[in-house]
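To keep things clear, I will list the structure first and then write my remarks on it.
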Amino acid sequence: MKSIGNLYQSGDWKGEKHVPVIHAPETVKKDNLVDVKVLVGEEIAHPNTFEHYISWIKVYFQPEGHKFPIEIGSFDFTSHGESGLFTEPNVSIRFKAEKSGTIYATSYCNIHGLWENSVELKVEE
Ligand SMILES: [Fe+2]
């Protein structure tokens with residue numbers, strides 16, 4: 001069996017326009033809300049045309065010691081030129097975590113496939 005995990009691409013978002021950029025605090029106090037922004041194309045703009053666009057972004061959090069990531073948000077971008085409308089792949093999400101862990105973001109370009117990124121979040125007592 002082939003694994004789709006091997007099809008996720010990544011890299012330095014400052015040089016690779018497809019990598020989802022994650023803006024999140026490095027630390028947060030327990031029970032405080034965490035504001036996360038995820039976007040594609042911060043340093044180098046990704047095309048946003050009828051033929052070539054970012055279709056979706058998903059965001060996950062995996063608490064330390066937890067076997068699986070938990071999906072915390074899923075965003076579909078559905079206008080790609082209809083009547084001149086183009087949805088930008090740029091989302092905000094807010095969540096609360098009891099434990100430190102890893103924030104993952106994945107995204108999909110209709111031409112260049114699957115992309116991923118992650119950052120660590122430290123939750124302080
Ligand atoms: Fe692309």
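The values are calculated or read from the model by the stated rules, or taken from the named source; none is laboratory data. Since the model is a prediction, treat every value here as computed from it, not as a measurement. As a convention, Cβ positions derive from the backbone with ideal geometry for all residues, glycine included, and neighbour counts pool all protein chains shown. For the accessible areas, the whole protein counts, side chains as well, though only heavy atoms, and no ligand, DNA or RNA atoms are used. Shrake-Rupley method; radii C 1.70, N 1.55, O 1.52, S 1.80 Å.
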The stretch 4-123: relative contact order as a whole-number percent, Cα under 8 Å and 6+ apart: 33 percent
Listed residues G41, G65, G11, most fluctuating in the chain (Gaussian network, C-alpha, under 10 Å): G65
Carbon plus sulfur fraction of accessible area for the stretch 4-123, probe 1.4 Å, in percent: 49 percent
Charge-dipole axis of the chain as Lys and Arg at +1 and Asp and Glu at -1 on Cβ define it, positive-most pick from T87, P47, F77: F77
Trypsin sites (Lys or Arg not before Pro) lying in DSSP loop within the stretch 39-125, provided at most 10 other Cβ fall within 10 Å: K67
Cα→Cβ-extended label distance, 7 Å offset, between H112 and H52, nm: 0.8 nm
Accessible area of the stretch 1-63 divided out per residue, in Å², using a probe of 1.4 angstrom: 59 Å²
In the stretch 1-83, chymotrypsin sites (Phe, Trp or Tyr not before Pro) in a DSSP loop with at most 12 other beta-carbon atoms within 10 Å: F50
Two-decimal Rg to Rh for the chain - Kirkwood Rh, Cα set: 1.00
Built amide H within the under 5 Å cut-off of Q9, gap 5+: L114, W115, E116
For the chain, built as a Gaussian network whose Cα springs stay under 10 Å, the top-fluctuating residue of I70, I103, I22: I70
Cross-link pairs K29/K122; K58/K96; K58/K122; K29/K58; K14/K37 - those with Cα-Cα distance over 19 Å: K58/K122; K29/K58
Most mobile of E82, E64, E43 in a GNM of the chain (Cα contacts under 10 Å): E82
The stretch 74-125, dipole about Cα centre (Lys/Arg Cβ +1, Asp/Glu Cβ -1), debye to the nearest 20: 80 debye
Placed amide H near S55: partners under 5 Å, 5+ positions off or other chain: Y108, C109, N110
Net charge dipole size for the chain [Lys, Arg +1 and Asp, Glu -1 on Cβ; Debye, nearest 20]: 260 debye
